[in-house]
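The values are calculated or read from the model by the stated rules, or taken from the named source; none is laboratory data. Model, not experiment: these values are computed from the prediction. Every residue, glycine as well, gets a Cβ built from its backbone with ideal geometry; the counts of neighbours run over all protein chains shown. For the accessible areas, the whole protein counts, side chains as well, though only heavy atoms, and no ligand, DNA or RNA atoms are used. Shrake-Rupley method; radii C 1.70, N 1.55, O 1.52, S 1.80 Å.
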Amino acid sequence: MLERYKTLRQEASREIVIRKSRFIGYAKPVADEAEAVAYVEEIKKKPAPNANQIVIFSGFKMRPLFKQSDDGEPSGTAGKPILEVIKAQGLKNTVVVVTRYFGGIMLGAGGLIRAYTDGAVAGIDAAVPIVNVLHREVLVDVDYTWYGKIENELRGRGVRTGEVSFTDRVTVTCLPEAPEAERFVNWMTDLIQGQGNITLGESRYYVESE
């Protein structure tokens, strides 16, 4: 699993108008290629007959995967510039579709390249780029007498935390970044002087703190 990767916060779209042609950039975070394809099909149902659907989706977390289409526009004027936007922003697990409603004025090859570039940027900006960071669960099970100290130390170090379970003991779910998990366990073991149980849990992604 990647330690971190850039993707989008949400599905969104934004429209821009260039010389009477409407360009709508749609963007969405996706888990896999199947979800990306389903989204493309969904967007294809929206436009009127005079619209072109320019489809791109980016590499996924574990392997590079780039697909593009000019969908009837002159070769290299639509798919490639959108793909270059995705690559330049370093996005993964992302699908971008730019739809053009022709306004009657020819833009020329250079104009189309700029327009599809701007449409992709507009959709991506609307969907809000984020960075997902891999964290590892570290479950710290201790007597209640240690809880206040642990809480203060975690807050002071800015360590992300999850659920806290209160039974006859306290179990704190700590979420250090994955590469720091082993070092974190050693630090926590020293902090509680070995008087507790520390176990490793799942790895999962969280949005990088802004």
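Taking interchain pairs and intrachain pairs at least six residues apart, which have beta carbon atoms under 9 angstrom, with the first residue in the range 69-88 and among the basic types (Lys, Arg) and the second open to solvent by 80 Å² or more (accessible area, probe 1.4 Å)?
Taking only residues 6 or more apart or on different chains, the pairs are 80/68; 87/66.
Using beta carbons and a limit of 6 Å, which pairs, at least six apart or on different chains, have the first residue in the range 17-38 and farther than 22 Å from residue 101 by Cα and in contact (Cβ under 8 Å) with a residue 60 or more places away in the chain and the second one crowded, with 21+ Cβ neighbours inside 10 Å and among the small types (Gly, Ala, Ser)?
30/36
Restricted to the range 25-70, and to residues that are of a type in the set (Phe, Trp, Tyr) and modelled with pLDDT of 75 or more, which residue is least open to solvent (accessible area, probe 1.4 Å)?
Residue satisfying both the conditions and the ranking: 39.
Can you tell me how many residues in the range 1-59 are in a strand (DSSP E or B) and charged (D, E, K, R)?
Qualifying residue count for the region: 6.
How many of the residues in the range 106-120 are of a type in the set (Val, Ile, Thr) and either open to solvent by less than 50 Å² (accessible area, probe 1.4 Å) or in a strand (DSSP E or B) (or both)?
Number satisfying all stated conditions: 1.
Quickly run through the range 93-105 and pick out the residues that are buried (at least 21 other Cβ atoms within 10 Å of the Cβ) and either in a helix (DSSP H, G or I) or of a type outside the set (Val, Ile, Thr) (or both).
93, 100 - these are the residues of the range 93-105 that are buried (at least 21 other Cβ atoms within 10 Å of the Cβ) and either in a helix (DSSP H, G or I) or of a type outside the set (Val, Ile, Thr) (or both).
Inside the range 6-24, can you point out the residues that are open to solvent by 100 Å² or more (accessible area, probe 1.4 Å) and out of contact with any strand residue (DSSP E or B) (no Cβ under 7 Å at 6 or more places or on another chain)?
Those that are open to solvent by 100 Å² or more (accessible area, probe 1.4 Å) and out of contact with any strand residue (DSSP E or B) (no Cβ under 7 Å at 6 or more places or on another chain): 19, 20.
Here are the criteria: (1) outside any loop (DSSP other than H, G, I, E, B); (2) at pLDDT below 90; (3) among the acidic types (Asp, Glu). Tell me which single one residue 73 does not satisfy.
In the conditions (1) outside any loop (DSSP other than H, G, I, E, B); (2) at pLDDT below 90; (3) among the acidic types (Asp, Glu), residue 73 misses (1) alone.
Can you pull out every residue in the range 125-147 that is in contact (Cβ under 8 Å) with a residue 60 or more places away in the chain, assigned to a helix (DSSP H, G or I) and open to solvent by 40 Å² or more (accessible area, probe 1.4 Å)?
125
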